[in-house]
Amino acid sequence: GNAIEIEGLRKTYAGERGEAPKEALKGIDLTIPQGSIFGLLGPNGAGKSTLINILAGLVLKTSGKVKIWGFDQDVNPRQSRASIGVMPQELNMDPFFTPRAALEVQAGLYGVPKGQRTTDEVLRMIGLEDKAGAYARSLSGGMRRRLLLGKALVHNPHVLVLDEPTAGVDIELRQMLWQNVRRLNRERGMTIILTTHYLQEAEEMCDEIAIINHGEVVVRDETRNLLSRLD
Ligand code: ADP
Ligand code: ADP
């Protein structure tokens with residue numbers, strides 16, 4: 001089956017301060033198979049973040065249909081939100097939060113009962129056990145990123161979305177991220193969706209790739225077919 005089904009998805013941002021409205025997504029049709037690692041590629045401004053933020057329930061679509069794990073966002077908003085976890089690009093976080101508190105609060109937001117929380121396991125996975133009680137303001141950029149990955153995982157979602165996870169990240173953190181992502185995919189069957197503007201990264205990681213430009217899907221194929229097409 002499909003982890004994600006998107007039909008005729010449109011998003012128009014209202015223009016600010018006299019600017020014209022911006023059509024960020026112009027009728028996207030896209031299905032993402034369960035258990036795959038799927039790459040969304042495209043230049044800056046293509047609409048990748050908009051698409052992801054709609055999947056995450058952070059941005060309202062203008063029109064179209066979005067199903068996550070079979071749950072229509074409009075019909076079953078709670079179940080569709082519970083099925084997906086998103087690691088955002090922004091590293092902003094409350095400076096006086098500790099990683100442990102951030103994970104606990106996130107789990108609470110998703111209604112994970114106290115007895116079923118896997119905070120320690122998540123802290124171990126992201127390598128922050130030693131920093132579990134440290135204020136976020138003392139965490140390095142790399143640690144913050146790892147914490148954001150942890151927050152995306154507290155409710156054990158079926159689908160994990162990573163928005164430009166390696167932009168400006170050093171090779172060590174990048175490898176740690178990819179290792180975790182591959183393991184989640186292999187061992188838990190988690191469907192992974194990532195955005196990047198590095199073709200090479202998508203090539204190494206992804207089973208399938210969709211290229212987005214100007215708010216439209218211009219190509220979608222298995223990675224190996226896509227590469228032979230681009231040659
Ligand atoms: P990408 O993630 O591929 O760089 P985005 O989804 O961020 O693309 O942006 C797609 C288009 O929508 C861009 O032209 C961008 O300027 C515009 N856009 C994004 N967010 C907003 C917003 N909140 N208000 C107005 N325009 C926006
Ligand atoms: P750690 O100690 O966890 O390895 P670092 O401070 O060394 O963390 O950062 C790891 C990587 O994260 C760095 O290579 C850097 O490029 C990236 N990084 C750090 N801060 C930011 C930031 N504000 N935005 C984007 N990337 C960042």
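The values are calculated or read from the model by the stated rules, or taken from the named source; none is laboratory data. Nothing here was measured: the structure is a model prediction, and the numbers come from that model. A quick note on method: Cβ atoms are made from the backbone with ideal geometry, for glycine too, and the neighbour counts reach across all protein chains shown. Accessible surface is based on the protein model in full, side chains and every heavy atom, while ligands, DNA and RNA are left aside. Shrake-Rupley method; radii C 1.70, N 1.55, O 1.52, S 1.80 Å.
The table for this structure:
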{"read-out": "Total residues in region 48-95, condition open to solvent by less than 10 Å² (accessible area, probe 1.4 Å) and away from ligand 2 (no atom under 16 Å from the Cβ)", "value": "10"}
{"read-out": "Candidate set: region 94-112, residues that are more than 22 Å from Leu184 (Cβ to Cβ) and assigned to a loop (DSSP other than H, G, I, E, B); chosen: the one modelled with the highest pLDDT", "value": "Thr98"}
{"read-out": "When residues of region 166-186 are limited to those that are among the hydrophobic types (A, V, I, L, M, F, W, C) and part of a helix (DSSP H, G or I), the one farthest from ligand 2 (Cβ to nearest atom)", "value": "Leu184"}
{"read-out": "Matching entry among Gly42, Gly8, Gly1, Gly18 (being of a type in the set (Gly, Ala, Ser), open to solvent by 60 Å² or more (accessible area, probe 1.4 Å) and touching a residue at least 40 places away in the same chain (Cβ under 8 Å))", "value": "Gly1"}
{"read-out": "Qualifying residue in region 157-165 (condition: open to solvent by less than 20 Å² (accessible area, probe 1.4 Å) and within 12 Å of ligand 2 (Cβ to nearest atom))", "value": "yes"}
{"read-out": "Residue in region 120-133 that is in contact with a helix residue (DSSP H, G or I) (Cβ under 8 Å, 6 or more places away or on another chain), in a helix (DSSP H, G or I) and open to solvent by 80 Å² or more (accessible area, probe 1.4 Å) present", "value": "yes"}
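Condition check ((1) under 13 Å from Ile211 (Cα atoms); (2) modelled with pLDDT of 95 or more; (3) within 14 Å of ligand 1 (Cβ to nearest atom)) across all residues:
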| site | (1), (2), (3) |
| --- | --- |
| Gly8 | no, yes, no |
| Gly15 | no, no, yes |
| Ala20 | no, no, yes |
| Glu23 | no, yes, yes |
| Gly27 | no, yes, no |
| Ile37 | no, yes, no |
| Leu40 | yes, yes, yes |
| Gly47 | yes, yes, yes |
